[in-house]
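Quick notes on the structure that follows.
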Amino acid sequence: MRKILQTIVLGLSAMLIASLPFSCKPSFSFTGASISPEVQTVSVDFFPSYAPLAPPIASQTFTESMKDIFLQQTNLTLVKEDGDLQFTGSIVGYNSAPVAIQGNQTAALTRVTMTVKVKFVNTKDEKQNFETNFSRFEDFETRQTLSAVEADLLQSINSQLTQDIFNKAVTNW
């Protein structure tokens with residue numbers, strides 16, 4: 001009797017699996033991205049810098065960071081233009097300011113802040129489109145010079161900014 005029951009359960013399971021519509025597969029990942037299966041491509045335009053104090057490498061490194069996050073955390077194909085997901089924008093702010101003022105009126109830390117204006121277009125779901133500013137900062141010890149630490153700070157800020165943009169564009173948290 002037990003063997004007959006196992007055979008019936010296995011047979012029903014096989015029929016259920018065979019009847020599932022394979023074209024309606026959900027798309028999700030361990031990164032939290034929830035991207036519709038009909039979305040296949042992403043395009044990231046060059047993000048020029050309009051911030052007078054931004055270093056010359058800011059535009060290139062930010063643009064490459066945007067491309068990298070989608071290549072690393074999704075299965076989307078990067079295209080030059082007209083992707084299913086489209087990112088355009090610019091670096092609109094970059095400054096450094098003293099923080100953590102000590103008793104002798106000197107700053108122990110300096111904060112570097114970068115702001116990026118981003119326009120996101122999802123050609124498959126216009127309800128997800130947005131245009132907003134994202135801002136992130138990093139602090140460094142004032143006894144160091146900005147030029148000595150700026151490349152590392154910029155890398156960290158870019159990583160944070162691109163993760164924020166990625167989350168807003170493709171995660172449904």
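Values for this structure:
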item: Of all residues making up the range 37-47, the number that are in a loop (DSSP other than H, G, I, E, B) and surrounded by 15 or more Cβ atoms within 10 Å (Cβ to Cβ); result: 4
item: The listed residue being under 27 Å from residue 52 (Cα atoms) and hydrophobic (A, V, I, L, M, F, W, C), out of 76, 109, 85; result: 109
item: Top-ranked residue in the range 121-173 [being among the aromatic types (Phe, Trp, Tyr) and within 14 Å of residue 35 (Cα to Cα); ranked as nearest to the chain's Cα centre (by Cα)]; result: 166
item: Strands (runs of 3 or more DSSP E) contained in the range 57-173 and holding at least 2 residues loosely packed, with under 13 Cβ neighbours inside 10 Å; result: 85-101, 130-141
item: Leading residue by the ranking (modelled with the highest pLDDT) among those in the range 18-72 that are of a type in the set (Ser, Thr, Tyr) and over 22 Å from residue 163 (Cβ atoms); result: 50
item: Residue check for residue 147: of a type outside the set (A, V, I, L, M), out of contact with any Phe, Trp or Tyr (no Cβ under 8 Å at 6 or more places or on another chain) and in contact (Cβ under 8 Å) with a residue 12 or more places away in the chain; result: no
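The values are calculated or read from the model by the stated rules, or taken from the named source; none is laboratory data. Keep in mind that what you see is a predicted model, and the values were worked out from it rather than measured. Every residue, glycine as well, gets a Cβ built from its backbone with ideal geometry; the counts of neighbours run over all protein chains shown.
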